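Here the structure comes first, spelled out in structure tokens, and everything after it is commentary.
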């Protein structure tokens, strides 16, 4: 939209992305006030795709912390969806009683299993589907 594409509806991953559209003058200031408590409505799900037959036997988040499992995920520096992937990895530890240090260690180990960080979810999907890279795709 900022570059001139027309749209009636835009679905973005992060509030910061909506703020960029506001700064470009395409959304009126105060859009956050439309929801109670200045909340930003969010409903995001991270899908985990495995190869047919799940040959690496990936059944939980913890299975991604295995040096024999190649993970494909977009770069959280360039992709809003990849930020949700990162937060899901973090939450898989902290929401089940793990400490922040354990979450850091887990995420570090998972990202060691990521060969390349595509710029966005579409490119990550292309790596997984079209280029047949990785054992699991987070998207």
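A count restricted to region 36-52 and to residues that are exposed (fewer than 11 other Cβ atoms within 10 Å of the Cβ) and either part of a loop (DSSP other than H, G, I, E, B) or at pLDDT 85 or above (or both) stands at 6.
From the list 112, 130, which one is touching a residue at least 40 places away in the same chain (Cβ under 8 Å) and out of contact with any strand residue (DSSP E or B) (no Cβ under 8 Å at 6 or more places or on another chain)?
112
What residue, of 95, 122, 104, is free of Cβ contacts under 8 Å to residues at least 12 places away in the same chain, loosely packed, with under 15 Cβ neighbours inside 10 Å and within 13 Å of the chain's Cα centre (by Cα)?
Values: 95 fails: within 13 Å of the chain's Cα centre (by Cα); 104 fails: within 13 Å of the chain's Cα centre (by Cα).
So the residue among 95, 122, 104 that is free of Cβ contacts under 8 Å to residues at least 12 places away in the same chain, loosely packed, with under 15 Cβ neighbours inside 10 Å and within 13 Å of the chain's Cα centre (by Cα) is 122.
Being touching a strand residue (DSSP E or B) at 6+ places or on another chain (Cβ under 9 Å), over 13 Å from residue 111 (Cβ atoms) and touching a residue at least 24 places away in the same chain (Cβ under 8 Å) is the filter here, so list the residues in region 49-80 that pass it. The answer is 49, 50, 51, 56, 58, 61.
Considering only residues of region 61-90 that are in contact with a helix residue (DSSP H, G or I) (Cβ under 8 Å, 6 or more places away or on another chain) and surrounded by fewer than 16 Cβ atoms within 10 Å (Cβ to Cβ), which is nearest to residue 116 (Cα to Cα)?
Of all residues in region 61-90, those in contact with a helix residue (DSSP H, G or I) (Cβ under 8 Å, 6 or more places away or on another chain) come to 61-62, 64-65, 67, 69, 71-76, 79-82, 86, 88-90.
From what's left, surrounded by fewer than 16 Cβ atoms within 10 Å (Cβ to Cβ): 62, 67.
On the way: 62: 20, 67: 15 Å.
Checking each candidate, the answer is 67.
Being at pLDDT 95 or above, in a helix (DSSP H, G or I), more than 30 Å from residue 1 (Cβ to Cβ) and in the same structural domain as residue 126 (by TED's automatic domain parsing): is that true of residue 57 here?
no
Take residue 17 and decide whether it is over 25 Å from residue 136 (Cβ atoms) and touching a helix residue (DSSP H, G or I) at 6+ places or on another chain (Cβ under 9 Å). Yes. Of all residues in region 21-28, none satisfies being in contact with a strand residue (DSSP E or B) (Cβ under 8 Å, 6 or more places away or on another chain) and either in a helix (DSSP H, G or I) or within 30 Å of residue 108 (Cα to Cα) (or both).
The values are calculated or read from the model by the stated rules, or taken from the named source; none is laboratory data. All figures in this text were calculated on a predicted structure; none of them were measured in a lab. Here the Cβ is made from the backbone with ideal geometry for all residues, glycine too, and neighbour counts use every protein chain on show.
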